[in-house]
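Colleague: The following block contains the structure, expressed as structure tokens.
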Amino acid sequence: MTIHRPLQRRQLMLGGLGAAALATVHGRALAADYPDRPITFICPWPAGGTADRSMRAICQIAARELGQPIALENRAGASGMIGTKALASARPDGYTIGQIPISVTRFAQIGTVQINPLKDLAYLARTSGQTFGIAVPASSPYKSLKELVAQAKAKPGAITYAHAGVGGATHVGMEQFAQAAGVKFNAIAYKGGAAALQDVLGEQVDMLADSSSWAPHVESGKLRLLATWGEARTPRFKDTPTLKELGYDVVVEAPNGIGAPRGLPPAVEKKLRDAFRVAVNSEEFKKVADSIDAPVMYQDGPDYQKYVEAVYKQETELIRKLNLKELMEKG
């Protein structure tokens, strides 16, 4: 009996190796044929918004590279986390991909979404940023950010601002600015940027903190743009200073990215990375990005993964500094 045990053990090992080899060969065969049917792309935002427009443009170009249609599916809600959760829970075969809001690094730590962005998602490409800003109605007494800050210091909590949801980029960015300026504002939360914009246009709220939803209204003269939040001035509004220029060490760009459930076959992942590299760097996408004031901020998958890891660590400190968990509980 003892004579045969090493042989049995060896046979089991060889059998296991054979199964693994077959699985590898099968995976390669699947990857070689990929994609052989349409791909679903989950956009975690409503149709018609700036994120939706940019993702549709990228998907059209990537679809040509892959030789299969990419059908965009809007799964909005919970500041982008409903769609992100659906993406993380999908089968990792390359037929379900989607946009990943960088705010998942914050909401995952707060507990809004039950996923681990460092373990549950595969990162394919960082695409473009957003242009955030502070805008007030044309009739507002505040002609500059300096005047706004002076009034906020004189009357703490009296000035209201509309934002697209507690814990989101517009809310967190404004609270960072308020801390840097040593002032307190009265934050009014909305379910999205469109509703927030309408109440500022209707002069029910003093100012708006949002991505470039304000742009056409600034150009038409209905709103006044006091500051943008990027590293540099935005080309379309080059006369408007950044928060950083004005002496506040606050930069918010919240770049979007594209990913998939963790566990993609390597060859499938490479095909997707290659396709979206072409799409994001194309002149066709750049024109769309310029039209919505979205600076192209391309990174390939591995560099994008490192970026997400760095942001995750930064968010840990930001959550503590702004006491975001308590604010989220209060709604």
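Colleague: Can you match Cα extents along the principal axes in Å to one of these, [x] 89, 44, 35; [y] 91, 38, 29; [z] 91, 45, 29, based on a calculation from the structure here?
Modeller: Entry [z].
Colleague: Just list whichever of Lys143/Lys184; Lys146/Lys184; Lys146/Lys222; Lys238/Lys287; Lys153/Lys191 have alpha carbons separated by over 22 Å in the model shown.
Modeller: Table pairs above 22 Å Cα-Cα are Lys153/Lys191.
Colleague: Tell me, what is the per residue accessible area of the stretch 211-270 in Å², probe radius 1.4 Å?
Modeller: 45 Å²
Colleague: Using only Cα atoms, what Kirkwood radius does the stretch 111-176 have, in angstroms?
Modeller: Result for the stretch 111-176, one decimal place: 15.4 Å.
Colleague: Among Gly83, Gly173, Gly157, determine the one that fluctuates most according to a GNM of the chain built with springs between C-alpha atoms less than 10 Å apart.
Modeller: Highest fluctuation among the options: Gly157.
Colleague: If you don't mind, there's one more thing I want to ask. Give me the dipole magnitude in Debye, nearest 20, for the chain about the Cα centre, with unit charges on the beta carbon: positive for Lys and Arg, negative for Asp and Glu. Please list the in-between numbers first.
Modeller: Numbers: 39 positive and 32 negative charges, 177 e Å.
The calculation lands at about 860 debye.
Colleague: As a test of the formula, what do you get for the chain when each DSSP H run with n ≥ 4 contributes -39,500 (n - 2.57) and the sum is divided by the residue count, at 222 nm and rounded to the nearest 500 deg cm²/dmol?
Modeller: Rounded to the nearest 500, it is -14500 deg cm²/dmol.
Colleague: Could you tell me which of rounded, prolate or oblate describes the stretch 209-331, using a ≥ b ≥ c as the square roots of the eigenvalues of the alpha-carbon gyration tensor, with rounded for a/c under 1.5 and, failing that, prolate when a/b is larger than b/c and oblate otherwise? Display every interim value, and only then the final one.
Modeller: Details: a/c = 2.28, a/b = 1.25, b/c = 1.83.
Oblate.
Colleague: While we're here: What aspartates and glutamates does Lys270 reach when the alpha-carbon gap must be under 17 Å and sequence neighbours fewer than 8 apart in one chain are set aside?
Modeller: Hits, sequence-local ones excluded: Asp33, Asp36, Glu65, Asp93, Asp300, Asp303.
Colleague: Still on this structure, I have one more. Assign unit charges at the C-beta atoms only (+1 for Lys and Arg, -1 for Asp and Glu), then state the dipole size of the stretch 287-328 relative to its Cα centre in Debye, rounded to the nearest 20.
Modeller: That gives a dipole near 180 debye.
Colleague: Only loop residues by DSSP count here, and only those with at most 12 other Cβ atoms within 10 Å; note down the trypsin sites (Lys or Arg not before Pro) in the stretch 91-160 that meet that.
Modeller: Filter output for the stretch 91-160: Lys119, Lys143.
Colleague: Among the complete DSSP H segments of the chain, which ones combine at least 15 Å of alpha-carbon extent along their axis with a mean Kyte-Doolittle hydropathy of 0.0 or more?
Modeller: Going by DSSP H runs, the hits are 5-33, 169-181.
Colleague: Looking at the stretch 170-269, which GluC sites (Glu not before Pro) are in a loop (DSSP not H, G, I, E or B) and have at most 16 other Cβ atoms within 10 Å?
Modeller: Qualifying residues, ordered by number: Glu203, Glu231, Glu245.
Colleague: Sorted by mean Cβ packing within 10 Å, highest first, what order do the peptides 50-57, 315-322 take?
Modeller: Descending mean neighbour count gives 50-57, 315-322.
Colleague: Ignoring ligands, DNA and RNA, what percent of the 1.4 Å accessible area of the stretch 59-197 is carbon and sulfur? Don't skip to the end; give the middle numbers.
Modeller: On the way: 2640 of 5190 Å².
That share works out to 51 percent.
Colleague: Taking amide H atoms as placed 1.01 Å from N in the peptide plane, list the residues 5 or more away in sequence, or in a different chain, whose amide H sits under 5 Å from that of Leu121.
Modeller: Excluding prolines and chain starts, which carry no amide H, the hits are Arg262.
Colleague: Any idea what Rg and Dmax come out to for the stretch 118-258 if you just take the C-alpha atoms, in Å?
Modeller: 14.9, 49
Colleague: If one computes the Cα centroid of the stretch 232-300 and of the stretch 39-59, what distance in Å separates the two points?
Modeller: Between the Cα centre of the stretch 232-300 and that of the stretch 39-59, the gap is 14 Å.
Colleague: Okay, next question. Computing the accessible area with a 1.4 Å probe over protein heavy atoms, can you report the carbon and sulfur percentage for the stretch 217-314?
Modeller: Values: 2490 of 4790 Å².
Here it works out to 52 percent.
Colleague: With a ≥ b ≥ c the root eigenvalues of the C-alpha gyration tensor of the stretch 54-145, is it rounded (a/c under 1.5), prolate (a/b larger than b/c) or oblate? Mind showing how you got there, number by number?
Modeller: Numbers: a/c = 2.78, a/b = 1.53, b/c = 1.82.
Oblate.
Colleague: Same structure, new question: How much area per residue is accessible in the stretch 51-171 when the probe is 1.4 Å and only protein heavy atoms are counted (Å²)?
Modeller: Numbers: 4300 Å² over 121 residues.
Using a 1.4 Å probe on heavy atoms only, each residue of the stretch 51-171 averages 36 Å².
Colleague: By the gyration tensor of its Cα atoms, with a ≥ b ≥ c the square roots of the eigenvalues, what is the shape of the stretch 164-207: rounded for a/c under 1.5, prolate for a/b over b/c, or oblate?
Modeller: Note, shape of the stretch 164-207 comes out oblate.
The values are calculated or read from the model by the stated rules, or taken from the named source; none is laboratory data. Computed from a predicted model, the values in this text were never measured in an experiment. Glycine also receives a Cβ, built like all others from the backbone with ideal geometry; neighbour counts cover every protein chain displayed. Surface accessibility is based on the protein's heavy atoms, side chains included, excluding ligands, DNA and RNA. Shrake-Rupley method; radii C 1.70, N 1.55, O 1.52, S 1.80 Å.
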